[in-house]
Amino acid sequence: MDKKERREKTKKRIDDLFNKLEGLEEKFKNASETRKLELKREMDEARKLRDDLQIKYNDLQQATGSSAKELKAAFEESARIFKERIDKISQNFKRSKESKDNQGS
């Protein structure tokens, strides 16, 4: 895989992660006030991780030579942490919906 293909793959990965966060933002916006209070800290943390990931992505795009390897490792770790956070928030929304559905039955 050449440098251009790696950049495109990395860009797609970050776009996918950010799109997942946007979907969660929409769910968060439409959640009840109680639910918003429960998830506010997690959403704030996800936004912070998104900003950190964007910075690392930008740094990686500018990197050359030996620094690129270190920056790629830092980016990969941040992307992994961000994805885990997004997955955790998604699970919280699913559990909330399931418990609400079960209460309504």
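The values are calculated or read from the model by the stated rules, or taken from the named source; none is laboratory data. Here the structure is a predicted model, which means the values were calculated and not measured. Cβ placement follows ideal geometry from the backbone for every residue including glycine, while neighbour counts extend to all protein chains displayed. Just so you know, the surface numbers come from the protein's heavy atoms only, side chains and all, with ligands and any DNA or RNA stripped out. Shrake-Rupley method; radii C 1.70, N 1.55, O 1.52, S 1.80 Å.
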### Query
Out of curiosity, is GLU38 open to solvent by 40 Å² or more (accessible area, probe 1.4 Å), on the phi < 0 side of the Ramachandran plot, modelled with pLDDT under 90 and part of a helix (DSSP H, G or I)?
yes
### Message
Quick check on segment 61-72: of everything there that is part of a helix (DSSP H, G or I) and open to solvent by less than 60 Å² (accessible area, probe 1.4 Å), which residue is farthest from ASN19 (Cα to Cα)?
### Response
SER67
### Failed criterion for ILE81 (all others in (1) closer than 22 Å to LYS94 by Cα; (2) open to solvent by less than 50 Å² (accessible area, probe 1.4 Å); (3) at pLDDT 90 or above hold)
(2)
### Counted residues, segment 1-35 - those being aliphatic (A, V, I, L, M), within 22 Å of ALA73 (Cβ to Cβ) and open to solvent by less than 90 Å² (accessible area, probe 1.4 Å)
2
### Query
Would you call ASN58 surrounded by fewer than 16 Cβ atoms within 10 Å (Cβ to Cβ) and either outside any helix (DSSP H, G or I) or modelled with pLDDT under 90 (or both)?
no
